[in-house]
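Some notes on the structure that comes next.
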Amino acid sequence: MNNVILMASFSLLFSGIIAGDKISPVKPHEVSKREGESVKLKCVYETTYSTPALYWYRHHSDLQAPQFILWKGAKGNTFNYIPDNRYESKTTEKTTELTIKTLTLADTGLYYCALETQ
């Protein structure tokens, strides 16, 4: 079995971000797991917005744009869009968590969490 290398990072990608809004990974570091295992990545965020949306992206290389994985509402926002059932997401008032089940080598990359407040 091969190792899958994941790295958590962060980004504020969307318009509507106001002073005081922020998002960052919990323990931003490299994670190495074996194919077939699962992994959890987590970010903490702060916003005064009542219905934020939290996004996750994967970036394979500098030769391509980050790839959308999912978005999930938080606080008063109960909507979500998770197109691949290998991914799960939990949000709280202060955190967003991405779970990737049954890892493959294609999951190797840099992972971004993003906050939308508009």
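The values are calculated or read from the model by the stated rules, or taken from the named source; none is laboratory data. Quick caveat: nothing in here was measured; it's all calculated off a predicted structure. In this analysis, Cβ positions are derived from the backbone assuming ideal geometry, glycine residues included, and neighbour counts consider all displayed protein chains. All accessible areas refer to the heavy atoms of the entire protein, side chains included, with ligands and DNA or RNA removed. Shrake-Rupley method; radii C 1.70, N 1.55, O 1.52, S 1.80 Å.
Filtered by the rule that a residue be under 10 Å from the mean Cα position of the chain (by Cα) and among the basic types (K, R), the stretch 61-89 gives a lone residue, K72. In the stretch 46-55, the condition of being within 19 Å of D84 (Cα to Cα), touching a residue at least 60 places away in the same chain (Cβ under 8 Å) and exposed (fewer than 13 other Cβ atoms within 10 Å of the Cβ) is met by no residue. For the stretch 68-89, the criterion of a residue being hydroxyl-bearing (S, T, Y), touching a residue at least 60 places away in the same chain (Cβ under 8 Å) and open to solvent by less than 50 Å² (accessible area, probe 1.4 Å) is satisfied by no position. Just checking: which of the strands (runs of 3 or more DSSP E) contained wholly in the stretch 21-109 hold 2 or more residues that are modelled with pLDDT of 90 or more and out of contact with any Pro (no Cβ under 8 Å at 6 or more places or on another chain)? Correct list: 39-46, 53-59, 67-73, 87-91, 95-100.
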